[in-house]
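Structure first, then comments.
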Amino acid sequence: MSENVITVSNLVKKYGEFIAVNSIDFHIERGEVFSLLGPNGAGKTTTVEILEGVRNRTSGEVSVLGTDPEKSRSLIRKLGILPQDFSFIYNSTPNEALSFYKKTMHASASIEELLELVELKEKMNTPFQKLSGGQRQKLGLALAMVNDPEILFLDEPTSGLDPRARRNIWKVIENLKKRGKTILLTTHYLEEAELLADRVAIMNKGKIIDMGTPMEIVERHHANDRLIIRGDAEIGTLIENAGFKALRNGAYIEVSLNSIKDAIELINFLYDKKAKFEDFTLKRESLEDVFVKMVGELEDYENE
Amino acid sequence: MKMSNIAAYFILHAKSYFRSWSAIFFQIGFPVILMLLFGAIFSGSSYTPSTLIVQNDSPSPVSWGVVSAINDSGLFHVQVINNNVNLSQYIIKNSVGAALLIPANFTSNFYSGHAYVILMGEASPQVSSIDYQMLDGVLAEINYKLANASQKLVLISQVSSGVSDKTVNYYVPGLIGFTVLTPMFNMVYQVPNYRKEKIFRQLSFSGLTKSEWMIANILHSFVMLVISDIVLVLIAIKVFGASLILTPATILLSALIVFVGLIFFIGLGILAGLVSDNEETVSVVGNLILFPMMLLSGVFFPLSFAPSYLQVISKFLPLTYFINALNSTLIYGNYYTIYIQLLLLAVSSFIVFLIAARVFSWKQK
């Protein structure tokens, strides 16, 4: 039976009258990559900071590695944290920052290896203020790994980075995932959550509106799959004769499917009829499509 | 609290500090410039006579004799102007500090035994007052000579044995007091900046605690103060010939005074930094604390010149005790009598540090 390393139950955080986190529940298993997904202001960072012990909660129960982060000061040594808007002492270099963390964490990690892992070795003696946004994030990630933590909290690790830097960070996170680290990843990049997370919780306005694997969430909320075929009017007629609903769009015919099996049957049918079609593509809704729809629907519902 | 954490942050902070030229300038360079400036101003021993404008409306051998005696005193360089010049307008037009008018009835009054001269002043009362006292002394001397009398009672100035009369000596404790204000000013800037940039939060992820951070800062500032104060004392001695009492006991006691005072100023800097939430308030709060303290604690001039109500205020400022204790130790070697000052400083430091440690939080609200 898998062990829960993080348990959140009925968690609430209020700032005066404003409710930033509104009675949420979830758990994270050891070795799992769990992503909190949501638009800006959804309450993701507040939730993560409560779990890290840097912010006090208003009510509810929180357990991280069996302890209450608000009360346990030693817990921090078992965690690796890359906060949102990571910053460090402006005149310190990555090498100095890592040496400092290594001493305070009593860690045995090799600074050189960590810098190599995040591809920052050539900037090891450059002051923080002269590092680019991507290089700063890489340093933050290296600092989060100094103590070989049991759990990593990565709060928007690729926010504001260019696509190349973002992919580099993903590579590091995938590497950590392979090493069996438990990771709580917050992001508003759907592609990131879909690629890296085992399970996703979608947050909006302080509430979790759905939770599951990316596939489960897509299955629950997606519209019908579509098969896009490039072909002439004759093929369109054949498809309709086979009992499918076809919509012509220029050189393309869009066919609504009830299941993936329908797509296989239709292609086989056209093949048997020796129909001439140039190519075909199966279109499924991504997590991003579902997310935009879910958050949008919620806002429409609240505005009514 | 872990010594290894304090040492780790000390090293991190020191390396970052030595990359900041402005930090080094304000901790070492600026006090050295002030030392050179004060030393140069107060090391001169020769007196340059000030110019005294004289208008003689009663020309006679007697009046010219008085003018000549004033000029020969060596205190004034007399410059006579014509009788037809309006003296009041001349003073304003030429920004003259003081001018002497010998009135038209001077000669006749002199022979009847009641002559007087008038010292006319302009805007600066301090200048006129000094001129008045000097001139009064010269006229008294003339009176004695005219009366064929001699001074029965004379005041002689003499410095106590074992104590140097070099003016620059008195600036050394004041400037050491100035150097101890720099770490406070650093805190006023650093605390809001680290909060805004969330560097405190990042440091807390390393396992470093707030108390360890505060102690590492005190130790680092102390090392920097020792360096800057050694440079100051060496310049005072080697360049301006200051004669301070430097024995192992006075050196150790001075270091103790600096350390205890530093705790107070770091604590005060943290508290001031906590109320400054943007760059504008940082500057206002920093200067509001720095300048009154600097001016009212005898950093740049002895408080005996100040009005009595300001002297009362100065008694509530720990920097006053800090400078007085250093004064007693380094100039008089009088380290047996500074315990009250050191005790008052230590109590203030303890209270301020305790409040700062209590109020200062690394947690997000």
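For this structure, a couple of remarks:
- Degrees separating the helix B:210-238 axis from the principal Cα axis of chain B, which is the longest one: 30
- Shielding by partners - mean other protein chain Cβ count within 10 Å, residues of B:206-215: 3
- Take every Cα pair under 8 Å whose residues are at least 6 apart in sequence, average their separation, divide by the length of chain B, and the relative contact order is 20 percent.
- Region B:56-91 and region B:311-365: distance between their alpha carbon centers, rounded to Å: 54
- Angle in degrees between helix B:339-359 and the longest Cα principal axis of chain B, rounded to the nearest 10: 50
- Protection proxy ranking of A:34-46, B:26-38, B:193-205, by the mean of other Cβ atoms within 10 Å over each peptide's residues and highest first, is A:34-46, B:193-205, B:26-38.
- Ellipsoid semi-axes for region A:224-284, based on the Cα gyration tensor and the rule √(5λ), read 15, 13, 10 Å when sorted largest first.
- Within 10 Å of each Cβ in B:190-201, the average number of Cβ atoms from other chains: 3
- Estimated from helical segments only, the mean residue ellipticity of chain B at 222 nm is -20500 deg cm²/dmol, where each DSSP H run of four or more residues counts as -39500 (n - 2.57).
- Pairs of Cα atoms nearer than 8 Å and 6+ residues apart set the relative contact order; for region A:224-284 it is 52 percent.
- Highest-first arrangement of B:287-299, B:209-221, where packing means the average Cβ count within 10 Å: B:209-221, B:287-299
- Within chain A, helix-based [θ] at 222 nm, where runs of 4 or more DSSP H residues each add -39,500 (n - 2.57), nearest 500: -11000 deg cm²/dmol
- Euclidean distance of C-alpha centroids, region A:46-76 and region B:247-271, integer Å: 39
- Whichever lysines have a C-alpha closer than 22 Å to that of A:Lys273, once near sequence neighbours (fewer than 8 apart) are set aside: A:Lys245, A:Lys261
- Annotation: lysines with alpha-carbon distance below 16 angstrom to A:Lys274 (same-chain offsets under eight excluded): none found.
- Cβ neighbours within 10 Å from other chains - mean over A:73-84: 2
- Net +/- balance of residues flanking B:Ile142 in space, Cβ distance below 13 Å, scoring K and R +1, D and E -1: -2
- A Cβ-based charge dipole, computed about the Cα centre of region A:224-284 with Lys and Arg at +1 and Asp and Glu at -1, lands at about 120 debye.
- Remark: relative contact order (region A:4-213) = 31 percent; criterion is Cα-Cα distance under 8 angstrom and separation of 6 or more residues.
- Rounded Å value of the spacing that divides the Cα centres of region A:168-247 and region B:176-203: 48
- Three semi-axes describe the equivalent ellipsoid of the protein assembly as shown; taken as square roots of 5 times the Cα gyration tensor eigenvalues and ordered largest first, they are 82, 30, 21 Å.
- Entries of B:Lys196/B:Lys315; A:Lys102/B:Lys198; A:Lys102/A:Lys205 with Cα pairs more than 31 Å apart: B:Lys196/B:Lys315; A:Lys102/A:Lys205
- Per-q log10 I(q)/I(0), region A:4-213, q = 0.11, 0.13 Å⁻¹ (Debye; single scatterer per alpha-carbon; no solvent): -0.50, -0.70
- Of all lysines in the structure, those lying under 21 Å Cα to Cα from A:Lys207, and not within fewer than 8 positions of it along the same chain, are A:Lys13, A:Lys14, A:Lys44, A:Lys293, B:Lys365.
- Relative to the dominant Cα principal axis of chain B, helix B:318-330 is inclined by about 70°.
Bear in mind that the values in this text are calculations on the coordinates, not laboratory data. The model shown is predicted, which means the values in this text are computed figures rather than measured ones. For neighbour counting, all protein chains shown are included, and Cβ atoms are generated from backbone atoms with ideal geometry for every residue, glycine included.
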